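**Q** What follows is a single structure, and I will ask about it in a moment.
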Amino acid sequence: MRWGVSLSRAISSDSVIKMQCRQPWFGGHAVEYRGIPLFCLPLRRKTAKRTTMINTVIFDMDGLLIDSEPLWGIAMQEVFSSVGVELSSELTHLTTGLRTKEVVSYWHNYFKWNSKTPEQVTAEIIENVTGKILREGQPMEGLQYILDFFRQRNFKMGLASSSPMQLIQSALNHLGIRESFDAVISAEFEPYGKPHPAVYLACARELDSDPLSCLAFEDSVTGMTAAKAARMKVVVVPEAHKRNDKRFGLADMQLGSLLEFNDMLLEKL
């Protein structure tokens, strides 16, 4: 059988990289493209009937719980400018959801600067965006509502983010929601970042949950792909200007705000 595989990192909303793969593993497998670890998903696969009840919810953080994506964009533009690389807002959106070191590696492979090491640039971006979040970070609409919704229904609650743990802790403390989560996992400590499912699988293990019993909330294609590769149900809440991205069709549900989620929608998953 020939299996089509869609690389889950796309260059634009209408330009998804595709290739043929002879390794039809259920859930996909890791590959690399331009030095960035990616995760392949079989385009055709048999799906088993779900018999496990959803009892666990796992959230992404940046752009979903805290309005930090614009701050990431500004921080990257400022730091990359210091090495002679000018990134537009459109270009910074290409790497949304990736770990910082992978973002830096992506652009270093393209622009080849030598005034600072990729490690120095990575550290400067993290320091810059952490400061911006502590000064300017605002909760996303519906943040407290969605946390209360699942806590009142006795769900296990986790967070799985591509951000480094130091930044995650700073953001959660800034929002005053650290105690809302039973597990907080950073892809910083995983062999691969999103769109690989490692961080979601690690969070499920920490919560002692079957991935099939988990519901993930995401705002990016990269994160959505990671959660689907982990065999979780996924609700996406994209930024307004990304809502027409056809790649979000992979999600089980798409919302305009966290406030839209309710018991009726939960029953449909």
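Just so you know, all these numbers are worked out from the coordinates, no wet-lab data involved. Keep in mind it's a predicted model, so treat the numbers as computed, not measured. Every residue, glycine among them, receives a Cβ derived from its backbone with ideal geometry; neighbour counts consider all protein chains shown.
**Q** Taking Cα centroids, how far is region 209-227 from region 77-138 in Å?
**A** A separation of 25 Å, based on Cα centres.
**Q** Take the Cα coordinates of region 69-136, assign each an equal point scatterer, and use the Debye formula without solvent to give log10 I(q)/I(0) at q = 0.23 Å⁻¹.
**A** The Debye formula, applied to the Cα set alone, gives -0.99.
**Q** If you keep only loop residues by DSSP, which GluC sites (Glu not before Pro) in region 66-104 have at most 14 other Cβ atoms within 10 Å of their Cβ?
**A** Passing both the DSSP loop test and the Cβ count: Glu86.
**Q** If you split all Cα-Cα distances of region 102-237 into 5 Å bins from zero, what percentages do you get per bin, shortest first?
**A** 2, 9, 17, 20, 21, 15, 9, 4, 2, 1, 0
**Q** Provide Ile168, Ile58 in ascending order of the number of other Cβ atoms located within 10 Å of each residue's Cβ, fewest first.
**A** Lowest to highest Cβ neighbour count: Ile168, Ile58.
**Q** Right, something else. With contacts defined as alpha carbon pairs under 8 Å and 6 or more residues apart, what's the relative contact order of region 55-206 in percent?
**A** 31
**Q** Run through region 98-136 and list the trypsin sites (Lys or Arg not before Pro) located in a DSSP loop whose Cβ has at most 12 other Cβ atoms within 10 Å.
**A** Passing both the DSSP loop test and the Cβ count: Lys112.
**Q** Counting Lys and Arg as +1 and Asp and Glu as -1, what is the net charge of the other residues whose Cβ lies under 10 Å from the Cβ of Leu159?
**A** Once all neighbours under 10 Å are counted, the net charge is -1.
**Q** Another one. Over all pairs of distinct alpha carbons, what does the Kirkwood formula give as the hydrodynamic radius of region 112-179, in Å?
**A** 14.2
**Q** Farthest toward the dipole's positive end in region 157-269, which of Leu175, Pro164, Val236, given Cβ charges of +1 (Lys, Arg) and -1 (Asp, Glu) about the Cα centre?
**A** Val236
**Q** With only Lys, Arg, Asp and Glu charged, each at its Cβ (+1 for the first two, -1 for the last two), find how big the charge dipole of region 69-136 is about the Cα centre; round to the nearest 20 debye.
**A** Dipole of region 69-136, to the nearest 20 debye: 140 debye.
**Q** Please grab the % of Cα pairs in region 178-269 that end up more than 17 Å from each other.
**A** Result for the distance tail: 51 percent.
**Q** Net charge near Ser81, counting Lys/Arg +1 and Asp/Glu -1 over other residues with Cβ under 14 Å of its Cβ?
**A** Net charge around Ser81: -2.
**Q** Cut-off is 10 Å between beta-carbons; in what order do Asp148, Asp182 appear when sorted fewest neighbours first?
**A** So the ranking, lowest neighbour count to highest, is Asp148, Asp182.
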